[in-house]
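*Asks:* Pasting a structure here, questions to come.
The values are calculated or read from the model by the stated rules, or taken from the named source; none is laboratory data. It should be emphasised that the depicted structure is a prediction, and the values quoted were computed from it without experimental measurement. Please note: Cβ atoms are built from the backbone with ideal geometry, for glycine as well, and neighbour counts cover all protein chains shown. Surface accessibility is based on the protein's heavy atoms, side chains included, excluding ligands, DNA and RNA. Shrake-Rupley method; radii C 1.70, N 1.55, O 1.52, S 1.80 Å.
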Amino acid sequence: MLLLHGTYWSRVWQPVLDGIAAAGLRPVAVDFPGFGRSGGELALSEASVPRLSAWLVRFLEALGHRGPVMVAGHDIGGGVAQHLMLANEVEVPRVAVVNGIMYDSWPVPGVARFRDPEVAAATTRDDVLAARRVSVVKALGRPASEAEIAEYLDPWTDPRVARSWLALAGAADHRYTMEMLPALLQSKTPKLLVWGVEDGFQTVDYAERYAREIPETRLVRIKSAGHIPMENDPEAVAGALAEFFAAKQGGSP
């Protein structure tokens with residue numbers, strides 16, 4: 001079971017890993033190149049949703065994984081998860097999106113401004129750190145200690161990781177999710193949306209629309225939770241994901 005991050009890193013999944021594993025699943029929280037604790041650096045040309053989806057195919061090959069893989073994605077990772085499902089390069093029997101991108105919900109203004117090449121070129125590591133601090137504090141949706149905030153921000157103290165984040169921001173374009181709509185409207189793959197309803201970045205009305213329009217989709221709302229509901233109610237998020245992904249194939253989502 002792949003767990004994909006977006007504009008943050010795999011740290012967002014830490015609160016739910018044990019709960020998912022307790023259901024007999026094998027969660028693998030991935031850091032894309034140049035993010036979190038990964039090596040490498042993400043270039044602008046490789047930072048779009050379709051290119052990250054293609055990278056995951058190579059990642060699975062490198063792991064020696066054969067056969068189906070289930071995928072959950074947060075934020076932009078939610079768009080990558082949907083793309084991987086539709087691309088048919090690997091078998092994806094179930095997909096979950098946690099406060100992820102869909103329709104024209106992204107990029108949000110705090111990310112979109114970095115699509116301007118001049119803005120990105122003039123942005124330093126410290127600028128990225130400052131912007132990420134504002135975003136993390138808002139996304140957590142609860143009081144957080146300075147140590148916890150510092151843990152989230154730590155990867156971006158590396159200029160290479162800051163440049164990778166700028167590449168992801170520069171490639172952010174809602175045409176990728178809009179282009180998926182025709183295939184999604186025909187998709188019979190079971191889909192689960194898990195949503196922190198107080199999210200100010202990816203608002204729940206997008207999830208409600210998706211649940212109405214896209215076949216085989218169920219929405220689980222996480223009350224009093226923000227953009228990273230894993231941090232607000234890990235038991236509820238882990239429970240929803242575990243129930244969904246551990247269900248027998250062919251059963252209702």
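*Asks:* Run the numbers on the chain and let me know its relative contact order in percent, using alpha-carbon pairs under 8 Å that are six or more apart.
*Replies:* 24
*Asks:* Continuing with the same structure: Can you list, largest first and rounded to whole Å, the semi-axes you get for segment 39-160 by taking the square root of 5 times each eigenvalue of its Cα gyration tensor?
*Replies:* Gyration-tensor ellipsoid for segment 39-160: 28, 18, 16 Å.
*Asks:* For residue 97, what residues show an amide H to amide H distance below 5 Å, using hydrogens built from the backbone and excluding near sequence neighbours?
*Replies:* Hits under the 5 Å cutoff: 73, 192, 193, 194.
*Asks:* Right, another one. What's the tally of Lys pairs in the chain whose alpha-carbon atoms lie under 24 angstrom apart, where the two lysines are 8 or more places apart or on different chains?
*Replies:* Final tally of qualifying lysine pairs is 4.
*Asks:* Another question about this same structure. Springs between alpha-carbon pairs under 10 angstrom, Gaussian network model over the chain: which of 99, 88, 232 fluctuates most?
*Replies:* Among 99, 88, 232, the largest mean-square fluctuation in the Gaussian network model of the chain belongs to 88.
*Asks:* Continuing with this model, one more query. Would you mind classifying segment 175-248 by shape? Square roots of the alpha carbon gyration tensor eigenvalues, ordered a ≥ b ≥ c; an a/c under 1.5 is rounded, otherwise it is prolate if a/b is larger than b/c and oblate if not.
*Replies:* oblate
*Asks:* Here's a follow-up. Helices from the chain with mean Kyte-Doolittle at least 1.0 and a Cα length along the axis of 30 Å or more, per DSSP H: which?
*Replies:* Passing helices, by number: none.
*Asks:* How far apart, in nanometres, would the label points at residue 235 and residue 178 be if each is projected 7 angstrom from Cα along the Cα-to-Cβ direction?
*Replies:* The modelled label-to-label distance comes out at 4.3 nm.
*Asks:* Moving on to the next point. Around residue 29, which amide H atoms from residues at least 5 apart in sequence, or from another chain, sit under 5 Å from its own amide H, with H modelled in the peptide plane?
*Replies:* Hits under the 5 Å cutoff: 3.
*Asks:* If you don't mind, another one. Please state the shape class of segment 1-72: rounded when a/c is under 1.5, otherwise prolate if a/b exceeds b/c and oblate if not, all from the C-alpha gyration tensor.
*Replies:* Oblate shape, in that a/c is at least 1.5 and b/c is the bigger or equal ratio.
*Asks:* Can you classify segment 101-153 as rounded, prolate or oblate using the Cα gyration tensor, where a ≥ b ≥ c are the square roots of its eigenvalues, rounded means a/c under 1.5, and otherwise it's prolate if a/b beats b/c and oblate if not?
*Replies:* Oblate, since a/c reaches 1.5 and b/c is not below a/b.
*Asks:* Here is a further query. So if we plug the beta-carbon distance of residue 203 and residue 26 into 1/(1 + (r/R0)^6) with R0 = 35 Å, what FRET efficiency do we get, rounded to 0.05?
*Replies:* 0.60
*Asks:* Order of 223-230, 20-27, 125-132, 31-38 by packing, highest average Cβ count within 10 Å first?
*Replies:* 223-230, 31-38, 125-132, 20-27
*Asks:* Solvent-accessible area per residue for the chain at a 1.4 Å probe radius, Å²?
*Replies:* Roughly 42 Å² per residue, with all protein chains present.
*Asks:* Now a separate question. Among [x] 0.93; [y] 1.05; [z] 0.98, which is the computed Rg/Rh (Cα atoms, Kirkwood Rh)?
*Replies:* [x]
*Asks:* Please compute the modelled spin-label separation between residue 212 and residue 148, points set 7 Å along Cα→Cβ, answer in nm with one decimal.
*Replies:* If labels sit at residue 148 and residue 212, their model points lie 3.5 nm apart.
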